[in-house]
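Below you'll find the structure, written out as structure tokens, and then a few comments.
The values are calculated or read from the model by the stated rules, or taken from the named source; none is laboratory data. Small disclaimer: the values here were computed from a predicted structure and weren't measured. Using ideal geometry, Cβ is built from the backbone for each residue, glycine included, and neighbour counts are taken over all protein chains shown.
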Amino acid sequence: MAISVGTRAPDFSLKSKNAEGLADIRLADYLGKSQVVLLFFPLAFTSVCTSEMCDVSNGLGAYEQLGAKVIAISVDSPFAQEAWAKANHITTTIASDLNKKTATAYGTLLADLNGLGSVSARAAFVIGKDGVIKYAEQTPTPKDLPNFEAIKAALAA
């Protein structure tokens with residue numbers, strides 16, 4: 001079960017791949033400066049995940065206007081994530097939870113998805129500048145998308 005509203009968000013340090021190389025993505029770097037939207041998704045190169053991240057990338061301005069940084073997280077390697085993002089023009093920051101520690105800390109790790117092994121469930125968290133969870137949602141199935149209007153409402157509150 002995913003962690004709940006009012007809980008202190010577990011810190012993390014993940015890798016992201018960009019044109020300059022591997023970069024560290026840490027929750028602590030954003031606390032006190034901006035709200036954070038964490039979007040866990042099962043796997044790159046899948047239809048629902050691609051659609052979700054393309055939509056989020058196209059709407060990044062709305063999250064930025066609400067004072068939020070969006071970070072998408074999957075268990076894929078940062079190199080696979082980079083290839084997927086380039087192929088699909090995804091501009092959202094994507095971080096690799098290859099060791100699955102962050103998905104475990106947030107309670108989103110699925111034991112097995114269709115015989116593919118453990119991956120993250122599709123989930124969304126809004127973390128306030130103070131590091132406390134303001135919104136938490138884990139979708140019933142990986143095919144379901146988070147409620148993006150509720151995420152924006154939590155950011156605006």
Practice prompt. Looking only at the stretch 74-107, count how many residues are in contact with a helix residue (DSSP H, G or I) (Cβ under 6 Å, 6 or more places away or on another chain), of a type in the set (A, V, I, L, M) and within 18 Å of L27 (Cβ to Cβ).
Written response: 1
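Examine the stretch 28-42 for a residue that is within 21 Å of I3 (Cβ to Cβ), in contact (Cβ under 8 Å) with a residue 12 or more places away in the chain, among the aliphatic types (A, V, I, L, M) and assigned to a loop (DSSP other than H, G, I, E, B), and state whether such a residue exists.
The answer is yes; a qualifying residue exists.
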Practice prompt. Look through A62, A68 and report the one residue that is under 18 Å from L155 (Cβ atoms), touching a residue at least 40 places away in the same chain (Cβ under 8 Å) and surrounded by 21 or more Cβ atoms within 10 Å (Cβ to Cβ).
Written response: A68
Fill in: Among (1) over 12 Å from the mean Cα position of the chain (by Cα); (2) modelled with pLDDT under 95; (3) surrounded by 13 or more Cβ atoms within 10 Å (Cβ to Cβ) - the single one S51 does not satisfy
(3)
Practice prompt. Restricting attention to strands (runs of 3 or more DSSP E) lying wholly within the stretch 56-136, give those where 3 or more residues are closer than 14 Å to L38 by Cβ and among the basic types (K, R).
Written response: none
Fill in: Residue check, A95 surrounded by 22 or more Cβ atoms within 10 Å (Cβ to Cβ) and more than 20 Å from A150 (Cβ to Cβ)
yes
Fill in: Count of the stretch 61-89 residues which are more than 13 Å from the chain's Cα centre (by Cα) and not aromatic (F, W, Y)
16
Worksheet, complete the sentence: For the stretch 111-157, the count of residues that are of a type in the set (A, V, I, L, M, F, W, C), under 16 Å from I3 (Cα atoms) and at pLDDT below 95 equals 1
Response to the item:
Within the stretch 140-157, the residues that are buried (at least 19 other Cβ atoms within 10 Å of the Cβ) and either under 9 Å from A124 (Cα atoms) or free of Cβ contacts under 8 Å to residues at least 60 places away in the same chain (or both) are P146, I151, A154
